[in-house]
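One structure below.
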Amino acid sequence: MWVETTGEAYMSEIDTPKEAMERAKRDAQNKAIEQSVGAFIRSHTLVTNAQLAEDLIYASVKGRIKKTQIIKEGWDRKDRNLYRVSLKALVEPVYPERGHDITIRLSLSKTDLKEGDTIKIFYQANNDCYVYIFSIAADGSVTLLLPNSMNKDNRIEQNKVYEFPPPGSPINLKAMFLPDFKENLAEERVKIIATKNKEELIPLGFQEGMFKVYDSKSTGMISDLVKRLNQLEPADWTEATALYRIKR
């Protein structure tokens with residue numbers, strides 16, 4: 001996409017005019033990349049919570065300038081040491097490959113369920129990390145299963161197999177149709193995100209029982225999630241998705 005930005009640089013006593021000009025141009029280019037990356041994320045990711053299961057890969061998007069056109073440049077009339085450059089930059093998205101520092105495996109006790117069946121989630125990572133488990137319902141609503149008010153510790157050890165709900169937990173996950181769901185088959189997903197360090201991924205949402213639940217219109221939660229993941233290095237997080245079906 002084409003982006004218009006303005007950069008500036010102050011010429012110190014040890015700078016040459018050419019160095020100040022170059023810094024102002026780089027400042028404008030950096031602003032163009034920053035502005036366009038936000039637009040790339042908005043256009044590619046998470047219009048609704050249902051897309052959480054598909055599009056988190058775009059959270060690692062970066063930008064690269066392909067072409068620039070100078071619109072206006074020159075020294076400030078009031079401050080002769082301040083140089084400004086206004087330009088148009090053609091920026092393309094770059095999606096770096098996911099690093100291999102963290103890998104996580106995710107599986108379910110069942111993938112074809114009848115209403116009322118219980119389900120367990122199994123997961124294992126190759127490194128010590130922190131996990132965040134989401135359930136994405138057929139209507140796009142998202143429930144944060146872990147961490148929760150009863151299980152706040154979401155750190156796991158490398159190569160150890162975990163299950164949710166954990167053994168002995170009073171939590172019981174059951175396959176249930178949504179109250180207004182009229183079809184005979186519903187497809188839902190479990191999404192797990194693993195991060196190298198503990199992250200405050202989900203600052204929004206309302207409390208329902210022991211879980212945080214976000215309806216399909218709560219796009220603020222998704223935006224915050226993508227923004228935070230975008231600040232991490234690709235090697236510092238990973239994700240996995242498991243699909244299951246509920247039949248009447």
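I need a count of the residues in the stretch 164-197 that are hydrophobic (A, V, I, L, M, F, W, C) and either in a strand (DSSP E or B) or under 15 Å from residue 154 (Cβ atoms) (or both).
Of the residues in the stretch 164-197, 8 are hydrophobic (A, V, I, L, M, F, W, C) and either in a strand (DSSP E or B) or under 15 Å from residue 154 (Cβ atoms) (or both).
Pairs linking a residue in the stretch 119-139 that is over 26 Å from residue 177 (Cα atoms) and touching a residue at least 60 places away in the same chain (Cβ under 8 Å) to a residue that is in a strand (DSSP E or B) and hydroxyl-bearing (Ser, Thr, Tyr), with Cβ atoms under 9 Å and 6 or more positions apart or on different chains, are 125/162; 125/238; 129/195; 129/238; 130/195; 131/123; 131/162; 131/195.
Which residue out of 89, 59 is at pLDDT 90 or above and either touching a helix residue (DSSP H, G or I) at 6+ places or on another chain (Cβ under 6 Å) or polar (S, T, N, Q) (or both)? Spell out the reasoning first.
On the way: 59 fails: at pLDDT 90 or above.
When all the criteria are applied, what remains is 89.
Scanning the stretch 140-183 for residues that are under 24 Å from residue 105 (Cβ atoms) and hydroxyl-bearing (Ser, Thr, Tyr) yields 143, 162, 169. Restricted to the stretch 137-149, and to residues that are under 20 Å from residue 115 (Cα atoms) and out of contact with any Asp or Glu (no Cβ under 6 Å at 6 or more places or on another chain), which residue is surrounded by the fewest Cβ atoms within 10 Å (Cβ to Cβ)? Result: 139. Taking the criterion of being at pLDDT 85 or above and not hydrophobic (A, V, I, L, M, F, W, C), the residues of the stretch 163-180 that qualify are 163, 165, 166, 167, 168, 169, 170, 172, 174.
The values are calculated or read from the model by the stated rules, or taken from the named source; none is laboratory data. Being a predicted model, the structure only gives us computed values, none of them experimental. Quick reminder, even Gly has a Cβ in these numbers, built from the backbone with ideal geometry, and neighbours come from all protein chains shown.
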